[in-house]
Amino acid sequence: GDQVEQSPSALSLHEGTGSALRCNFTTTMRAVQWFQQNSRGSLINLFYLASGTKENGRLKSTFNSKESYSTLHIRDAQLEDSGTYFCAAEGGNNAPRFGAGTKLSVKP
Amino acid sequence: GPKVLQIPSHQIIDMGQMVTLNCDPVSNHLYFYWYKQILGQQMEFLVNFYNGKVMEKSKLFKDQFSVERPDGSYFTLKIQPTALEDSAVYFCASSYPGQLYFGEGSKLTVL
């Protein structure tokens, strides 16, 4: 079955607001990455975490390996934040596996 | 940031033909990956490669698929013969290990 469960599948935000995206893992993961896939299909690296919390501008991500989840918080959403957000997690000796993605629409 | 280059960006071929997708990974990276994405949906892991060998492959990595990186040149994904269901965007990635860096993708259309 799927090792990475991502939610929500879709999210709509008004500019200036914020929300959280989440990935739950069904097995122990040693690291997680978050990506934004833009309208051209390019994957933009947001965060790589082996533990703890990282922050970059309006984005913050947390990875809790013990409780098997990771979150991505977006605050003060802008129109250019629209796109699909993926988490990808690696466990054991396996290559990273992706969640199904969250399609984010930011509206004026 | 580090760049992974993929060639071609787009290829259209007839079913049954062979196709080779090329990837130029980040120069000091040691691990190489292929992922498949259909219509902007989930990124599906195909294969990863290290030290000249396939380390792990998924059920999607059919017998018609092969990968190699001869003499440190391009990391290639070859499909022979192609099938209609192989139509997708194929993304190459590399890592040192650790963080993955992705190329822009090669869109394959099989007619």
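Okay, here's what the table says:
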{"quantity": "Some residue of the stretch A:57-72 being within 14 Å of chain B (Cβ to nearest Cβ) and within 23 Å of B:Q37 (Cα to Cα)", "calculated": "no"}
{"quantity": "Strands (runs of 3 or more DSSP E) wholly inside the stretch A:38-108 containing at least 3 residues that are among the hydrophobic types (A, V, I, L, M, F, W, C)", "calculated": "A:43-49, A:83-90"}
{"quantity": "Inter-residue pairs, beta-carbon under 8 Å, first facing another protein chain (nearest Cβ under 8 Å) and in the stretch A:37-53, second assigned to a strand (DSSP E or B) and open to solvent by 50 Å² or more (accessible area, probe 1.4 Å), 6+ apart", "calculated": "A:Q37/A:I44; A:N45/B:Y101"}
{"quantity": "Selected residue (criterion: nearest to the other protein chains (Cβ to nearest Cβ)) from residues of the stretch B:13-50 that are of a type in the set (D, E, K, R) and closer than 20 Å to B:E85 by Cα", "calculated": "B:E44"}
{"quantity": "Enumeration of residues in the stretch B:89-107 that are of a type in the set (A, V, I, L, M, F, W, C) and over 11 Å from the mean Cα position of the chain (by Cα)", "calculated": "B:L100"}
{"quantity": "Flag for A:S12 being away from every other protein chain (no Cβ under 11 Å), over 21 Å from B:S95 (Cα atoms), open to solvent by less than 50 Å² (accessible area, probe 1.4 Å) and over 11 Å from the mean Cα position of the chain (by Cα)", "calculated": "no"}
{"quantity": "B:F45 touching a Ser or Thr at 6+ places or on another chain (Cβ under 7 Å), without any contact (Cβ under 8 Å) to a residue 40 or more places away in the chain and either acidic (D, E) or closer than 21 Å to A:F86 by Cβ (or both)", "calculated": "yes"}
{"quantity": "Some residue of the stretch B:68-78 being over 14 Å from B:L5 (Cα atoms), touching a residue at least 40 places away in the same chain (Cβ under 8 Å) and either of a type in the set (K, R) or surrounded by fewer than 17 Cβ atoms within 10 Å (Cβ to Cβ) (or both)", "calculated": "yes"}
{"quantity": "Residues within the stretch A:60-73 that are touching a residue at least 24 places away in the same chain (Cβ under 8 Å) and under 10 Å from the mean Cα position of the chain (by Cα), tallied", "calculated": "5"}
{"quantity": "Positions within the stretch B:38-60 being more than 20 Å from B:T109 (Cβ to Cβ) and crowded, with 18+ Cβ neighbours inside 10 Å, in sequence order", "calculated": "B:F45, B:V47, B:N48, B:F49"}
{"quantity": "Which listed residue is within 19 Å of B:L100 (Cα to Cα) and either of a type in the set (F, W, Y) or open to solvent by 10 Å² or more (accessible area, probe 1.4 Å) (or both), from A:N45, A:N24", "calculated": "A:N45"}
{"quantity": "B:K107 in contact with a strand residue (DSSP E or B) (Cβ under 9 Å, 6 or more places away or on another chain), closer than 21 Å to A:G83 by Cβ and within 12 Å of chain A (Cβ to nearest Cβ)", "calculated": "yes"}
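The values are calculated or read from the model by the stated rules, or taken from the named source; none is laboratory data. It should be emphasised that the depicted structure is a prediction, and the values quoted were computed from it without experimental measurement. Neighbour counts run over all protein chains shown; Cβ positions are idealised from the backbone, glycine included. What goes into the accessible areas is simple: the full protein's heavy atoms, side chains included, and nothing from ligands, DNA or RNA. Shrake-Rupley method; radii C 1.70, N 1.55, O 1.52, S 1.80 Å.
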